[in-house]
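The next block holds one structure in the form of structure tokens; read it before the comments.
The values are calculated or read from the model by the stated rules, or taken from the named source; none is laboratory data. As the structure is a prediction and not an experimental result, all values here were calculated from the model. Using ideal geometry, Cβ is built from the backbone for each residue, glycine included, and neighbour counts are taken over all protein chains shown.
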Amino acid sequence: MNPFELARLPIPSDFIRKLTKGTTSIDYLPWAVVVDYMDVCFKPENWDMVVDSVNLFPVGEVTLINGDSVMRYHIVVTVTVTVRYDGITITRSNTGEDYNIEVFKKGNALSDKGVMSATHTALKRACALIGIGRFLYLRDPEEGIPSVTSLIDVTNARLKVWQRLLSIRQNVHRAVADGTLSEEDAIGYLEHLVEIAMFEVAPDPPIDTELDTVERRLVAITSKTGV
């Protein structure tokens, strides 16, 4: 099982936390658990994160208990997560949001509490695009988490897709080595393969059809040069 398939499997319930607001409860994964699972799936040296931006939008003044008037901010943080596997680099970005107020006693600076919270949310959302914790978004409130059997079926299907992707990639490299495919065209093919690699099992168009198209184009190009 490759790390992307491993990342999509359900995480044991012991690590899931519940956030309750009024009558609504939401299951979530603490940011530290997400980081640990990224380490398990991809190994620490094969992934990293970058905070791309921290944007503060003033939304109005609020009055504190002591009577002081301070500005309230809407905080939006963008985080990019990069993973490397078998020669392929994939990046996914997402945002996190929170609210906070100016803290005048700290030199008119913004308390880092809201920024850190938004950063953790952005990190978890970016990792969910790769697979970590995505099962929380898939489950039906009445049916619960999808069965392990169904997820194994999905995993096996995706594994077959990855095998085809790797085979096509090898053919691309072979064509470049033989001089039948330019490096520029090869980069285009490899970038397209990376996009396909992050599809669901049955996107629109279906992933098998998409791969068939890539293979036919590659064969057509190389056959013209006698390969």
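List of remarks:
- Verdict on LEU138 being surrounded by 14 or more Cβ atoms within 10 Å (Cβ to Cβ), modelled with pLDDT under 90 and either over 21 Å from the mean Cα position of the chain (by Cα) or under 24 Å from PHE15 (Cβ atoms) (or both): no
- Any hit, segment 66-76, residues being assigned to a helix (DSSP H, G or I) and surrounded by 15 or more Cβ atoms within 10 Å (Cβ to Cβ): no
- Segment 169-179, residues that are more than 10 Å from LEU218 (Cα to Cα) and at pLDDT 80 or above: GLN170, HIS173, ARG174, VAL176, ALA177, ASP178, GLY179
- Yes/no for VAL50 being within 17 Å of ASN94 (Cα to Cα) and either assigned by TED's automatic domain parsing to the domain that holds GLU97 or part of a strand (DSSP E or B) (or both): yes
- Total residues in segment 1-18 satisfying the condition of being closer than 17 Å to PHE135 by Cα and over 15 Å from the mean Cα position of the chain (by Cα): the figure is 9.
- Across segment 47-76, the number of residues qualifying as in contact with a strand residue (DSSP E or B) (Cβ under 7 Å, 6 or more places away or on another chain), more than 30 Å from ASN2 (Cα to Cα) and of a type outside the set (Ser, Thr, Tyr) comes to 16.
- Candidates PRO12, PRO30, PRO58, filtered to the one that is assigned by TED's automatic domain parsing to the domain that holds GLY131, surrounded by fewer than 13 Cβ atoms within 10 Å (Cβ to Cβ) and either modelled with pLDDT of 85 or more or more than 25 Å from VAL83 (Cβ to Cβ) (or both): PRO58
- Of all residues in segment 92-122 being part of a strand (DSSP E or B), out of contact with any helix residue (DSSP H, G or I) (no Cβ under 9 Å at 6 or more places or on another chain) and loosely packed, with under 15 Cβ neighbours inside 10 Å, the one that is modelled with the lowest pLDDT: VAL103
- Looking only at segment 33-55, and only at residues there that are within 18 Å of TYR99 (Cα to Cα) and of a type in the set (S, T, N, Q), the one that is surrounded by the fewest Cβ atoms within 10 Å (Cβ to Cβ): SER53
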